[in-house]
Amino acid sequence: MRLRHDHLAGAATHVLTVAAILSLATPVFAQTAPASEDSASVSPASAFPVTSNRSYQIRPGDVISISVYNEPGFSIPAVRVLPGGIIEEPLAGQIHVGGLTPDQAGHAVDRALLRFVRQPESTVSVASVAPVDVFILGNVKAPGRYQLQPDSRLMDALSAAGGLGPTDGDLPEAHVQSGDNVTTVSLQHLLHDGDLTLNSQIHNQTTIYIPSPTVFQVQVEGFVEHQGDVPMHEGDRLIAAIARAGPSQTANSDLNHVKLIHTTPDGTKQTTVYNMYEIYKSDDPTKDPVLVKGDLVYVPGGKKGAYDPSGPLTTLLYLFRI
């Protein structure tokens, strides 16, 4: 099932769409296995659609075609962009195209071919766009990492995660992080009231957090701004407790060695150390443990500069703080 942003959808269609998102028990979109890193050349008929947007920035997983004027031997009908944003050209070797527009990538190919071709004129086109990686956390039935089609929207992502978990009263707000930008979307307005202008497009590496109505307390101690009890929603993970306690450069929080002390039903205390930077660099947020009532979190102090306020984890911490 594909849920698309369609302002002309009739009332009956909207009711069915919302009901599907609220009640799904299993993900609709299967997690797509990423391409193998050695899949340098591929069939031109890859799965995702061609883009003619010349301002599009090429990224790993995309399939591009290269046409070199009057040099068919250097033209490549389809080549996959590998991790790191590189492509493999048989003679020129590795060419970096990640983050470039097709026109900029064409110039990069020209520079690489100067050793073999006099005044090369290369044209790069995007043959197919890679799926987008989305992290969906919090009060959904199947939280985790999903790969969705490039034109997917917020409702698609919620559907992929099996729909919302239990709610009490109005539907919650979704916190959506894309790059350095964090926005709040009212699911009550989107799903209940039918305001499809809120059904925003999902970009690569977007994180979506849905808070649960069930609230409990955990304790956070150590080098944070606010020690003591921290409110948590059911399904919240360790990152949320740290965010709400306020790690900071002033507190010199060391997020490489965070201790979680969990008390089992028989009273045994289990201590586990987590490296929050490594967890979220791994692209697998499910490695971040779900907290329960009574858990104790200890954030140690580190050497000066241990907490990186400009690092990629900072925006994620802000996402769970709001």
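A short reminder: the numbers here are calculations on the coordinates, not readings from a lab. As the structure is a computational prediction, the values presented were derived from the model and not from experiment. Note: ideal-geometry Cβ built from the backbone for every residue, glycine included; neighbour counts use all protein chains shown.
Per residue, the convex hull spanned by the alpha carbons of the range 94-150 comes to 97 Å³.
From largest to smallest, the equivalent ellipsoid semi-axes obtained for the range 134-206 from the alpha-carbon gyration tensor read 18, 14, 12 Å.
Over all projection directions, the Cα-based convex hull of the range 134-272 averages an area of 10.0 nm². When only alpha carbons of the range 56-181 are considered, Rg and Dmax amount to 20.0, 69 Å. In whole percents, the pair-distance distribution calculated for the range 222-274 from its alpha-carbon pairs, binned every 10 Å from zero, is 23, 49, 25, 3.
Annotation: lysines with alpha-carbon distance below 22 angstrom to Lys293 (same-chain offsets under eight excluded): Lys141, Lys259, Lys269. Distance between the modelled labels on Ile261 and Gln201, one decimal in nanometres: 5.0 nm (7 Å Cα→Cβ projection).
Normalised by residue number, the volume inside the convex hull of the Cα atoms of the range 173-234 is 115 Å³ per residue.
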